[in-house]
Amino acid sequence: MTLPVITVQPKGVGRLRAGHPWVYRSDLASDGAPAGLVALADERGRELGTALYSPHSEIRVRRLAPPGVTVDTAWWHGMLTAALARRAGIADSGYRVVHAEGDGLPSLVVDRYGDIAVAQLLSAGLEAVRDDVLAAIRDVLRPAGLLLRNDPPVRERERLPRETTLAFGDVPEHAPFTEGRLTLAAVPWTGQKTGTFLDQRENHERVGRLARGRCLDAFCYHGGFALQLAAGGADSVTALDTSVEALDVLEAAAGRNGLGGLAAVEANAFDWLREAAAGRTRYDVVVVDPPAFAREKAAVARALAGYKELNLRAMQLLAPGGHLFTASCSYHVHRGEFFAMLADAAADSGRRMQLVSIHGASADHPELLTVPETGYLKAALLRAAD
Ligand code: SAH
């Protein structure tokens, strides 16, 4: 099969050579093809490999493979197999199998929750080869059911419908999976992302190992941190979220795992933390894991002000020697800005805050050094020295 040829200008060629698979519309010399696979060439006609092409997106081209490699059913199968093999050491049964560009499969996300899988096809080019992608997932993962959570807003930039559909098999409303010693449940049809937050998987267990005394999980969602803290031996855990549905999932998990001492509280964490900081109760472990405050560059300054307020209050709430695990999943807030904000909050909190360790997303969300978009989660473990 001969593929349509798309010609890339020198700037775009430079990006590809630097290890980034995207070419923007403005960096193409010849444009226009149906959504799907294309062959890339430079202006002298030299081959640059095979890519996904999206006719309506600013990100027109996403390179899949170098010259000489045929992207066919066997190729997808091989890439899925390799991605799964990289996760071979994971003991948990809920994890990300394909982290898009991070696994060399631009615009594809595949998560596994026990015996079911949830995928996201996030570009028009990928949609056009859907049959090969779904066949590879079916053959390599052999899930009892595959749900397509093709509802994220980025699909609009590709002029694709936002929809949640069952590709095959059965996918229940609550899909059980294990995380460390706990059995949790994702909510694949309606939960955030593909049903829960797998990117904090390793951090949940890391924080659980610090459990003692009185603990607080602000922005808890399904309670990934709160449940590990309770399982780790905390005397009490307070978990805050504005979503009642999320708190219900947390309480069901606490019951299923026989965990007591957990209070799931519907509250705005900003207000709750401010009021608590003014009171007397102090906490041995505090987790602050808010949603992305900056969804675009222009929102970074406001986002940093929000993060600072939360972290300042959280620091004030710590008992002497207490730990704060703090995270930001805003891609536009870069690591340097995140740590500068934490220093600022520490200065204003009146506490002497030690940086114990720096963290990111779990290893099943691999970040490619040449594709900064693959890394968005920044986290730090801090300790109040006095
Ligand atoms: N810590 C979770 C993920 C948190 S996602 C985990 O590890 O799985 C962010 C959560 O913040 C969502 O559940 C959302 O409902 C909640 N949220 C958003 N704004 C909030 C606010 N002002 N106060 C409390 N929770 C909020």
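Throughout, read-outs are computed from the coordinates displayed, never taken from laboratory work. The shown structure was predicted, so the numbers you read here are calculated from the model rather than taken from an experiment. Cβ atoms come from the backbone with ideal geometry, glycine included; neighbour counts cover every protein chain shown.
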Alpha carbon centre of segment 225-240 versus segment 196-219: separation in Å? 8 Å
Could you list which residues have their amide H under 5 Å from that of A29, counting only those 5 or more apart in sequence or on another chain, with H placed in the peptide plane? T7, V8, Q9
Over the chain, what is the relative contact order in percent, taking alpha-carbon pairs closer than 8 angstrom and at least six residues apart? 11 percent
Net charge over other residues, Cβ less than 10 angstrom from the Cβ of G145 (K, R count +1; D, E count -1): -2
If you count the DSSP beta bridges with both ends in the chain, what percent of them are antiparallel, to the nearest 5? 65 percent
So for the chain, if I pair up every lysine 8 or more residues apart or on another chain, how many of those pairs have alpha-carbons under 20 Å apart? 4
For the chain, built as a Gaussian network whose Cα springs stay under 10 Å, the top-fluctuating residue of V333, V133, V244: V244
